[in-house]
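The values are calculated or read from the model by the stated rules, or taken from the named source; none is laboratory data. None of these values were measured; they are calculated from a predicted model. Every residue, glycine as well, gets a Cβ built from its backbone with ideal geometry; the counts of neighbours run over all protein chains shown. Note: areas computed on protein heavy atoms with side chains; ligands, DNA, RNA excluded. Shrake-Rupley method; radii C 1.70, N 1.55, O 1.52, S 1.80 Å.
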Amino acid sequence: MGRLFWKIFLGFWLTLVLIAIGVGLAVHIYNQNRIEAITDLAAGPRASFVVNATALALAQGGPESVESLFRSWPGQRLPLVLIVDEQGRDIFDRPVPGVALERAREQLRGAQMLSGVRRVLGHNGHEYVIFIPRPGPEGLPQTPTRQMSLGFQLVAALIASLLFSAILAWYLTRPVRHLQSAAHRLARGELATRVMPDIGRRRDEIADLGRDFDHMAAHLQALVSAQQRLLHDVSHELRSPLARLQVAVGLGRQQPERLAGMLERIERETGRLDELVGELLTLSRLEAHVDQERDEPLDLPALLEEVVEDARFEAEAAGRGVSLSLAGEAQIQGKPELLRRAFENVIRNAVRYTAPQTDVAVNAATRTGRFVIQVCDQGPGVSPAALEQIFEPFVRADGDATGAREGYGLGLAIAKRAVMAHGGIVEASNREGGGLCIELSLPMSNEAGRGKRPTE
């Protein structure tokens, strides 16, 4: 049960308490008014008239005549007239307050001619005391007050429940309307829309939904911004080789003697365009989770050794080296070409940026069910703010002491997405003493996140 349940529960019981207090107060006020009204009717000319009429009816026709008189009596505020025999019982079996009866008898013994008290000899020869009881310590006799208070309670409960329902509906639907309005604005393209400023300081499931909505909106805004930036970067990267191609074609036409050189330039620029388009397609497939390969059993240490051997061959030609340290075995189900591409991109990037006459250190070992590969160069490293940005498309390291500006900034982006497609994690950190370290961590069990993107 969540926090919203307790709010509704407490609100319901608060409403019941308020209803009880309101009904009790109303009944108390009604009883006070009734007591005052009966007190007024228990004495005075009207009381004397009612008692005398009752005595006359009793003397002439007995209880039947009195009952007929009471039924035909006009008005809604007829005072309660008790007719008590010698044994202290009312002829209609109504409760007789002892204190009121004793007071009436004392008044008769004292020969006080008070309105509202009479001694009558009935037609059957029995003596009766007729009086109108005044409110006393024993309270009033049973009257229709209970029925009236029950009806009042029902009306009060209905009004209170309607009020509570209206407040509860407003409390629950107000943030929902904010969410609905925010969803419409988000659908119109207003990606900066957020709902938490409108929801306020709520601490319940609706507030959690609002925070999730804001998180979704922020993630969507970041994705759209990244897509727009990617489109801009792609157009920028394509413009340079296309411009060189146009220049080469123009020079070939104007200077036929240089046609062979221009054809070589055209071939080189075409190869660059083909490489760029191929990397873009690979990146697009990885981000769209489109599997082009089937999973196969992979020996990760063996695959890493092959990649390091190829990178070492290329690095020696540039006056650099690659060292490998392996510890443990790792078998997984994965896509061999995709992981090979990820290892190659990371190691080649390290070879490109490490200082001349230095080595790139590749260390691999198994740690708590994961195969961890760490690639460290001895280059300039990157600024702390750029450690996450280097995995974005078309982002290059800001340090370039080796003068290497090859590539398009897609290698690390492809490597990270390839590792994540296998349930792994890629992280970057600056190496003590200078250089950049990139760590790739892959789960060795098939249950460890296959087909899922881990939290970055």
Listed by chain and number, the residues whose amide H is under 5 Å from that of Val360, excluding neighbours fewer than 5 places away on the same chain and using placed H, are Gly321, Val322, Ser323
Please state the charge dipole magnitude for region 241-286, taken about the Cα centre, from unit charges on C-beta atoms (+1 on K and R, -1 on D and E), reported in debye and rounded to the nearest 20.
140
Given H placed on each backbone N at 1.01 Å, which residues far from Ile91 in sequence or on other chains put an amide H within less than 5 Å of it?
Ile83, Asp85
Counting other Cβ atoms within 10 Å, which trypsin sites (Lys or Arg not before Pro) in region 190-281 have at most 13 and lie in a DSSP loop?
Arg201, Arg203
Roughly speaking, to the nearest percent, how much of region 156-295's 1.4 Å accessible area is carbon and sulfur?
60
Between region 335-366 and region 202-230, how many Å separate their Cα centres?
35
Given 20 °C and 1.002 mPa s, compute D for region 273-386 with the Stokes-Einstein relation, Rh being the Kirkwood radius over Cα pairs; round to the nearest whole µm²/s.
138
How much accessible surface area, in Å² rounded to 10, belongs to the heavy atoms of Val247 with a 1.4 Å probe?
90
With DNA, RNA and ligands ignored, accessible area of Ile29 (1.4 Å probe; Å², nearest 10):
90
Under the Karplus relation 6.51 cos²θ - 1.76 cosθ + 1.60, θ = phi - 60°, what is the ordered set of whole-Hz ³J(HN,Hα) values for region 63-69, x standing for Gly and Pro?
x, 4, 5, 5, 4, 5, 4
Keeping every protein chain in place, order His215, His422 by accessible area at 1.4 Å, biggest value first, i.e. largest first.
His215, His422
With every protein chain in place, what's the accessible area of Met444 (1.4 Å probe, Å², nearest 10)?
50
